[in-house]
Structures are given as C-alpha cells and as structure tokens.
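Okay, structure first, notes after.
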Amino acid sequence: MISKNQIKYIRQLELKKYRKREGVFVAEGPKVVGDLLRRYQPVAVYATEEWGQGDRSLILNGIKRPVPLTPVTDDELRRISFLQHPQQVLALFRLPDISAEAISPSSPLTSHLSLALDGVQDPGNLGTIIRIADWFGIDTIFCSEDTADAYNPKVVQATMGSIAHVNIIYTDLMRLFDSLPPSYPVYGTLLDGEDIYQQTLSNEGIIVMGNEGNGISEAIRQRVNRRLLIPCFREGDTAESLNVAIATAITCSEFKRRK
C-alpha cells in the first residue's frame, strides 16, 4: 500500500529542484532498475507482484542487502509512474556524488577517451548519448551546467540502464579545459573541421558535442585543438546537419574502429 504523501513525494521528483533538494532520482522498468541495482543501493522500490516475487536482495561491495520493497497494485504504479505504460517497478536512488578531484588533469577519468556536452538540451538526445557512451566503452561524460539534467526521468528512461555504467559530471567546461595540458587532445565536430575519416585519432582525449541548434559555443570552440568534420556524401540539396546523438555515435564509432 502506498500513501498519498508518498505519491506526492515521488511525483515532485519530476522537477530538478526537488531531485536536488532530496538528493534522489527516479528509475523505472525491470531493465533500468535492474542495471542500477547492480551498482547502487536503492532508497525505495515500488513494485507489482509480477516483479516483486522471489528473493529481492542485492550484493554491493560483497555484502548482501535487502531491497526496501513496497508492494503496489498496477493502479498505484500508474499513479506514481512517469511512463505512459508503467513497467512493473519504480525505484528511487541517491544521486551519485563525484568529488571535484574527478575532473583534475591527473584523474583517471581524463586519462582515456571521454565526452563533453556543451549545452545539449533535449532529454531524449542526452539519454541516447549516455547509451552510446556505454556501448562504445566511454566511461565519463562531462556536462556543461546548461546541459539537460541527466537524472530527469525522461533521460534516465532513454538511457535504458546505461546511466548505471557511465560517470556523469556537471562542471564548468572552460575551467576543465583550462586545467588540461595544452597538448591534451580536445576534439570537436565543426563545419570548418577536417574529414574525420582522414585524421589521426588518439586513444585519449575529450570529444566535445554541442547544442542541437547552435553547435559548440564560441568560447568552447577556442579550446578545441582537434577540429573534425563528419563529411556529407550527398551532393547538392541535402540535410543541413546531423542530430547530435547520431553525430556522437558516428564519431565514437570511428575512434573505436581505429583502436
């Protein structure tokens, strides 16, 4: 049984200010919740009988812990769900807290290939990019402060569980880039870049992807020292640009293909 206060509390978590205040986010569905349970201890789990049968415990850091499970009916799940078609389970997890040291030049998070998102606004695009990063083995995404919130329920759902496998760090990108050695590779896809299929690509560096409408901001462009272009293979009348998530997938694929 779920109370009216619990329903109100969960529904408020659709808004960033409440997620930030409470320090929790919402995940839904067996796939997304299941992946997160392998990494994080949940604050609460609300599940129908279909999901909640059997041993609902998890092992974190070698210790078996019970899942704080509240049984709900299908109707109650619909009342707390942010999905058009709720899927058996909704869980609350603590927002990850990555320390400031994680973005230092000597950090292992910057010792291999990572992504930086400069003002990506669409939740669907952000969720897809997180999923792409997971697929290509990219562990870290640096996000500008004006990038959409990765813990928005729409974004979490779009990641299909990949949010459990990728470090997402919101930071001042200018400060981050200024802290890096001048020779550290900072890649960006730009219209005046060089054909990505003809360039030397490194195994470490940061790939910057820009806003859906405006691309990479002018200030961040000045920090890009490896300018890339995804060439268009159709002559004449064609699409003006690629969706940012599609461009991310193409770029990551080419880096990993070289490796």
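The values are calculated or read from the model by the stated rules, or taken from the named source; none is laboratory data. In this text, all values refer to a predicted model and were calculated from it rather than measured experimentally. In this analysis, Cβ positions are derived from the backbone assuming ideal geometry, glycine residues included, and neighbour counts consider all displayed protein chains. Accessible surface is based on the protein model in full, side chains and every heavy atom, while ligands, DNA and RNA are left aside. Shrake-Rupley method; radii C 1.70, N 1.55, O 1.52, S 1.80 Å.
The one condition from (1) touching a residue at least 12 places away in the same chain (Cβ under 8 Å); (2) under 23 Å from residue 259 (Cβ atoms) that residue 198 does not meet is (1).
Scanning the range 210-259 for residues that are of a type in the set (D, E, K, R) and either open to solvent by less than 70 Å² (accessible area, probe 1.4 Å) or outside any loop (DSSP other than H, G, I, E, B) (or both) yields a count of 8. Is it true that residue 191 is farther than 22 Å from residue 90 by Cα, in a helix (DSSP H, G or I) and either hydrophobic (A, V, I, L, M, F, W, C) or without any contact (Cβ under 8 Å) to a residue 60 or more places away in the chain (or both)? No; evaluated as a whole, the condition is false for this residue. When you scan the range 215-222, do you find a residue that is more than 20 Å from the chain's Cα centre (by Cα) and of a type in the set (Lys, Arg), even just one? Yes, the conditions are met somewhere in the range 215-222. Restricting the range 1-48 to residues that are in contact with a strand residue (DSSP E or B) (Cβ under 9 Å, 6 or more places away or on another chain) and of a type in the set (Lys, Arg), the residue that is most open to solvent (accessible area, probe 1.4 Å) is 38. Residue check: residue 253 meets all listed conditions (1) touching a strand residue (DSSP E or B) at 6+ places or on another chain (Cβ under 6 Å); (2) under 17 Å from residue 131 (Cβ atoms) but one, namely (1). If you go through the range 149-179 and pick out every residue that is open to solvent by 20 Å² or more (accessible area, probe 1.4 Å), in a loop (DSSP other than H, G, I, E, B) and in contact (Cβ under 8 Å) with a residue 60 or more places away in the chain, you end up with 6. Of all residues in the range 231-248, those being under 17 Å from residue 213 (Cα atoms) and either at pLDDT 90 or above or of a type in the set (Gly, Ala, Ser) (or both) number 8. The single condition from (1) open to solvent by less than 50 Å² (accessible area, probe 1.4 Å); (2) modelled with pLDDT of 95 or more; (3) within 29 Å of residue 14 (Cβ to Cβ) that residue 135 fails is (1). Pairs meeting the criteria (first residue in the range 64-84 and open to solvent by 80 Å² or more (accessible area, probe 1.4 Å), second residue not in a strand (DSSP E or B), beta carbons under 7 Å, at least 6 apart or on different chains) are 71/49; 71/52; 74/48; 78/86; 79/7.
Taking every residue in the range 1-25 that is closer than 18 Å to residue 73 by Cα and pairing it with any residue that is charged (D, E, K, R) and open to solvent by 90 Å² or more (accessible area, probe 1.4 Å), at least 6 positions away or on another chain, the pairs with Cβ-Cβ distances below 8 Å are 2/79; 7/79.
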